[in-house]
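All remarks here apply to the structure that follows.
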Amino acid sequence: MKKIAIVLSIISFTLKAQPKVSTGAIRHFEDFKSELVTPRNVDVWLPDGYSSNEKYEVLYMHDGQNLYDASANWNKQAWEADSISGKLIRENKTRKFIIVGISNIPLQRFSNYFPQKAFESLTRKTQDSLYALEWNGTKLFSGPVSSDAYLKFIVSELKPFIDKNFSVYPDQKHTFIAGSSMGGLISMYAVCEYPNIFGGAACLSTHWPGTFEKNNNPIPAAFFNYLKNHLPNPASNRFYFDYGDQTLDALYPPLQAKADEVMKLNGFNEVNWITKYYPGADHSENSWQKRFEIPLVFLLGK
């Protein structure tokens, strides 16, 4: 049962209609059409007082069905992104921004979120072993790793729609991306692949193992090597990482330490990068919502 709970914390099986929010408003786009990826729901959160007479910054977030409405999620947990963001904006702790929540397709989540260039650097034997992985009779990867197409969907299809239909700043300095677990990996990858599109990433409980194996796992080294060779200019991009030490997060402390060394070697410092450790925190939306305001202030603070 413990293993099932861990896996379920990474793979959401709930795809729902428009979520309820406690502050602000949601603009729901059912099965947002794409020529690059499977259509998926997109929920755009607008803060109270949203007006076309003002310009807003944009935070793109993965696993969008887990952001706002705990009552509709399988584990009755959510990031509470609406209430936390609304509070920070009201208290003048951040600049005004909207959130674009991109729902995952549960069975495609690993294929969409696994950094593709790092995957392709692995040996064919390792790639084949990953494609063979199953959970409860279902393959963890439902198809070929497709994170390059997923990011292209965000950059070339979704972002132009947001820029056209909402009152936002379209430039890199006002555009950010965030997620947790595999969503942390794809957020890191997004900034490295598109440093001129995204000004920064918030990567909570980044899933450096790539799978659920701790020993003799070549995947973290592939991620760190990719990071070393693709990190953008520290003067123009920012990164936030964090981790706990319970449930799946128990795997992360030594791996995040290695990622931090890569950041230092590439010239990042406390101005453009922070890593936070939360002893006792587990791998869940409840944990992420408790500290979500930290990366928000880091990326969007006044």
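What follows draws every value from the coordinates through simple rules; no lab data is involved. From a predicted model like this one, the values you see are computed outputs, not experimental measurements. Cβ placement follows ideal geometry from the backbone for every residue including glycine, while neighbour counts extend to all protein chains displayed.
If both residues of a DSSP beta bridge must be in the chain, then about 35% of such bridges are antiparallel. When the trypsin sites (Lys or Arg not before Pro) in region 187-244 are filtered for DSSP coil states and for at most 12 other beta-carbon atoms within 10 Å of their beta-carbon, the remaining sites are 214.
Exposed loop sites here mean GluC sites (Glu not before Pro) with a DSSP loop assignment and at most 16 other beta-carbon atoms within 10 Å; the chain contains its longest site-free run at 92-212. A cut-off under 10 angstrom between Cβ atoms defines the neighbours of residue 104, and their net charge, with Lys, Arg +1 and Asp, Glu -1, is +1. With kT/(6 pi eta Rh) evaluated at 4 °C and eta = 1.567 mPa s, and Rh the Kirkwood radius from Cα pairs, region 53-96 diffuses with a coefficient of 110 µm²/s according to Stokes-Einstein. Separation of the alpha carbons by more than 18 angstrom is noted, of 258/290; 159/276; 20/76, for 258/290; 159/276. Which net charge results for the neighbourhood of residue 295, defined as the other residues with beta-carbon distances under 10 angstrom from its beta-carbon, given Lys and Arg at +1 and Asp and Glu at -1? Once all neighbours under 10 Å are counted, the net charge is +1.
Annotation: lysines with alpha-carbon distance below 19 angstrom to residue 139 (same-chain offsets under eight excluded): 3, 125. Shape analysis of region 135-254 based on the Cα gyration tensor places the equivalent ellipsoid semi-axes at 27, 18, 13 Å, largest first. Value of Rg to Rh for region 214-302, rounded to two decimals, is 0.98; Kirkwood radius and Rg both from alpha-carbon coordinates. Each Cα pair under 8 Å and six or more residues apart adds its separation to the average, and for the chain the resulting relative contact order is 18 percent. Taking 10 °C and 1.306 mPa s as conditions, the chain diffuses translationally at an estimated 83 µm²/s according to Stokes-Einstein applied to its Kirkwood radius (Cα pairs). For residue 225, neighbours were defined as the other residues whose beta-carbon sits under 13 Å from its Cβ, and their charges (Lys and Arg +1, Asp and Glu -1) total +1.
Legend: P(r) of region 187-265 from all alpha carbon pair distances, 10 Å bins from 0, whole percents, reading 18, 53, 26, 4. The Rg/Rh ratio for region 18-128, using Cα coordinates for both the radius of gyration and the Kirkwood hydrodynamic radius, is 1.07.
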